[in-house]
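Worksheet: one structure, shown below.
The values are calculated or read from the model by the stated rules, or taken from the named source; none is laboratory data. Since this is a predicted model, take the numbers as computed values, not measurements. As a convention, Cβ positions derive from the backbone with ideal geometry for all residues, glycine included, and neighbour counts pool all protein chains shown.
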Amino acid sequence: MDLVSQSGNPNSVSTIINPNNPNSSSTISSPAVYAPSRYENQKRRDWNTFGQYLRNHRPPLSLSLCNGAHVLEFLRYLDQFGKTKVHNQTCPFFGLKNPPAPCPCPLRQAWGSLDALIGRLRAAYEEHGGKPEANPFGARAVRLYLREVRDFQAKARGVSYEKKRKRSKPKLAPPPAGASQ
Ligand SMILES: [Zn+2]
């Protein structure tokens, strides 16, 4: 789940933001009400990670020029930090949930992690003044890519991502608020 805290990886782009840091750019004045949720913290870390990615991009890339293709590039870049074994179609364990032996197939970001990440970045983009219609994280190409990843990982790992729909009791948790018009 956690895309930015691979402690073992020296190339990690993670940025630790201390919510109590007086140098934080937060403009909230009362510390009493400043109790960001886990989601908010993760969203800020993701946003910082993406910002670093843009700064390190060659050629340099600014947020305003960023489109869906760049977001896809970012997602593929993150795969190197993934921890989810995704079997190649040629692997004898393709489609096996619990492979009996190790195999050289690559580790990737799990679809669920990417999907949640894109949701947070999409929200963060608009919170930082981006226009919804220009939101690169909401681009059609990104949606299609995520669907492709989901379908392939479901097959490769022998798991189903459709489980929730079959449950008789739907979870009625409201979506996280904070979408400021
Ligand atoms: Zn394999």
Worksheet item: Among the helices (runs of 4 or more DSSP H) confined wholly to segment 97-167, which include 3 or more residues that are at pLDDT 95 or above and closer than 18 Å to Phe50 by Cβ?
Response: 111-127, 140-157
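Table: residues versus (1) within 14 Å of Arg108 (Cα to Cα); (2) within 16 Å of the ligand (Cβ to nearest atom); (3) at pLDDT below 95; (4) surrounded by 19 or more Cβ atoms within 10 Å (Cβ to Cβ).
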{"residue": "Phe50", "(1), (2), (3), (4)": "no, no, no, yes"}
{"residue": "Ser62", "(1), (2), (3), (4)": "no, no, yes, no"}
{"residue": "Leu65", "(1), (2), (3), (4)": "no, no, yes, no"}
{"residue": "Phe94", "(1), (2), (3), (4)": "no, yes, no, no"}
Worksheet item: Under the condition of being part of a loop (DSSP other than H, G, I, E, B), more than 9 Å from the ligand (Cβ to nearest atom) and of a type outside the set (S, T, N, Q), which residue from segment 67-92 is nearest to Pro136 (Cα to Cα)?
Response: Gly82
Worksheet item: Arg150 is checked against (1) away from the ligand (no atom under 16 Å from the Cβ); (2) without any contact (Cβ under 8 Å) to a residue 24 or more places away in the chain; (3) not aromatic (Phe, Trp, Tyr) and fails just one. What number does that condition carry?
Response: (2)
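Taking segment 99-112 as the region of interest, how many residues are away from the ligand (no atom under 12 Å from the Cβ) and over 12 Å from Val86 (Cβ atoms)? Walk me through how you get there before you give the answer.
Filtering segment 99-112 down to residues away from the ligand (no atom under 12 Å from the Cβ) leaves 109-112.
If we keep only those that are over 12 Å from Val86 (Cβ atoms) as well, we get 112.
So the count comes out to 1.
Going by the conditions given, is Arg38 at pLDDT 50 or above and surrounded by 10 or more Cβ atoms within 10 Å (Cβ to Cβ)? Please lay out each step first, then the result.
Values: at pLDDT 50 or above: yes; surrounded by 10 or more Cβ atoms within 10 Å (Cβ to Cβ): no.
So Arg38 fails the test.
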